[in-house]
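Each reported figure results from applying straightforward, stated rules to the coordinates on display, with no laboratory input. Every value quoted in this text rests on a predicted model; they were computed, and no experiment measured them. We place every Cβ from the backbone using ideal geometry, glycine too, and count neighbours over all the protein chains shown.
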Amino acid sequence: APEEVGLRFQLVWVDRSGKVVETMPDTDMQMWHPRISPDGNRIAFSGGTRGRGAIYILDMKRRTQSRLTLQDAQYDYPAWAPVGTQIYFDFGPGSTNDTIKVQPADGNSLARDVVTGFHPSLSRDGKYLFYESTKEGLGANLWYLPLQGTETQQPVAFLEVPGHQRRPQPSPDGQFIA
């Protein structure tokens, strides 16, 4: 394991030309899937050891990090809600049984289950949660969950074809899913 051989890990902010703009404090904790908050002041990331990760929030101004998820389990793929008050993430063994949860970013209450699936992302307006879900014989497909209005909490298949459609990301204007 990397931590057993003295490796250090660090988040580095790089501009489009490749110039290092800012570096965050280094750590012996492995870090994956960093996501910058809508206000640009915090980074949510998965951290720990593979198979046992938690969601952490790094405050870039104070250069401090805090653990958001408290239970000893596998948490991964954080995604900020558009106003930055909530974080959606995977919870589970990294399989078809994963659950997407949501938790206030300030950590003042526990996470709640949202939907069965993985790799969450949100539309810029916060009206839709996009994610992957598996179905026997089809592999991973793209779904969305309306978060507002009368259709709230009813998952909808967005792209359901054989193969694996992975990690849906809405375009900034909300017109496309990559």
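General remarks:
- Calculated FRET value between Gln71 and Gln175, using beta carbons and R₀ = 41 Å, to 0.05: 0.60
- Extension gain, Arg63-Arg8: 0.36 nm per intervening residue step, less the Cα-Cα distance, totals 18.1 nm.
- Per-selection Rg to Rh, the stretch 11-79 - Cα, Kirkwood hydrodynamic radius: 0.98
- Peptide packing: for 6-19, 102-115, 35-48, the average count of neighbouring Cβ atoms within 10 Å per residue gives the ranking 35-48, 102-115, 6-19, highest mean first.
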